[in-house]
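Okay, structure first, notes after.
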Amino acid sequence: MRPQARQRCHAALTGLAALTLALAGPFAQAAPAAETWTEVGYDRADPLTESQGLASVEVPVGSPNRYTGIGTIPLSLSARGWNHVGDPDASYDGHYVEPYQRDDGNAKMFRVQAPDGSWSEYVHTLSPGEALNNSWSAISPDGQWMLSGEWGTMNRLLVFPAPGVNPATAPSANLPQAATVHLDHAVRDVQGCDFLDADTLLCSSDDPAGTLFGITKPLLRIDLSAAPNGTADIAGRVTALRQLPLRSACSGTFEAEGIDYDRRTGTLRVIVVSPGFCVLTDSKTYRFTQG
């Protein structure tokens, strides 16, 4: 190609690329660099008290990690029908949130412990078409917004004002859905998500089929078009990063559960429950670091 023609071609391609990015907006320019989460160890996960979810708590300083399982549900809640607890999260100021569901009714509940140790309950009446299950909660880094999801194959996440933290919430009032995250790729059976930063989520999927991303039980990354602000819907780009570890002395179906990212140490933790009898003996909380 002659130099003049090469220059004209280069200019045309550069202009086309700039036009494409301008039309697509800033979200199209935010493609994540390739990343790797490497397993660095694991701990045994107790099947009664560490089989649903986990959260690192920063405030008060020195707080232990928190876990949920069927054995952590208070009798007072199970007596009222709240018989399933999902993957919890904690805000950076120390509010700890557990998601609950029941087998009947038209509501889900978020139980909040304040840094002073007091508990309160925030009930959300289901929106039209909203699934009953309440598998997880993820508090935005600014503490004002909470994301949650629905079971099955879904193309969205739900945004709520963070109960107990956002001043627009009160235990005596319905906790309303504020916005929606529209995903560019379907996800299936998401068991937990946590914020990596203000506009990035890491999620654990219990997908048993592997037809969405080519692997079962994937670790997912969701890049948001903006940090949640509760006033407008946002977009989410989904990437499958790797398959979660599936190791046990028993063969059968594993269950990926909750997820936690501790920004103080850069450690990602995910619970994977072992199949069959080994649920009692070698279910694990795996630890990962980036790179």
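Where a number appears in this text, it was derived from the coordinates with a stated rule and is not lab data. Model, not experiment: these values are computed from the prediction. Here the Cβ is made from the backbone with ideal geometry for all residues, glycine too, and neighbour counts use every protein chain on show.
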Filter pass, SER91 being touching a Ser or Thr at 6+ places or on another chain (Cβ under 9 Å), over 29 Å from ARG247 (Cβ atoms), surrounded by 13 or more Cβ atoms within 10 Å (Cβ to Cβ) and in contact (Cβ under 8 Å) with a residue 60 or more places away in the chain: yes
Candidates THR267, THR216, THR211 - the one that is closer than 26 Å to VAL40 by Cβ and more than 16 Å from the chain's Cα centre (by Cα): THR216
Scope region 131-163; condition acidic (Asp, Glu) and crowded, with 17+ Cβ neighbours inside 10 Å; matching residues: GLU150
Residue among THR231, THR285 that is under 23 Å from LEU147 (Cα atoms), buried (at least 17 other Cβ atoms within 10 Å of the Cβ), touching a residue at least 40 places away in the same chain (Cβ under 8 Å) and of a type in the set (Ser, Thr, Tyr): THR285
Condition broken by ASN83, with the remaining ones in (1) under 17 Å from SER51 (Cα atoms); (2) under 20 Å from the mean Cα position of the chain (by Cα) satisfied: (2)
Residue satisfying condition, being more than 22 Å from GLN290 (Cβ to Cβ) and outside any strand (DSSP E or B), within set ALA249, ALA235, ALA227: ALA249
Number of positions in region 243-261 that are surrounded by fewer than 17 Cβ atoms within 10 Å (Cβ to Cβ) and among the charged types (D, E, K, R): 1
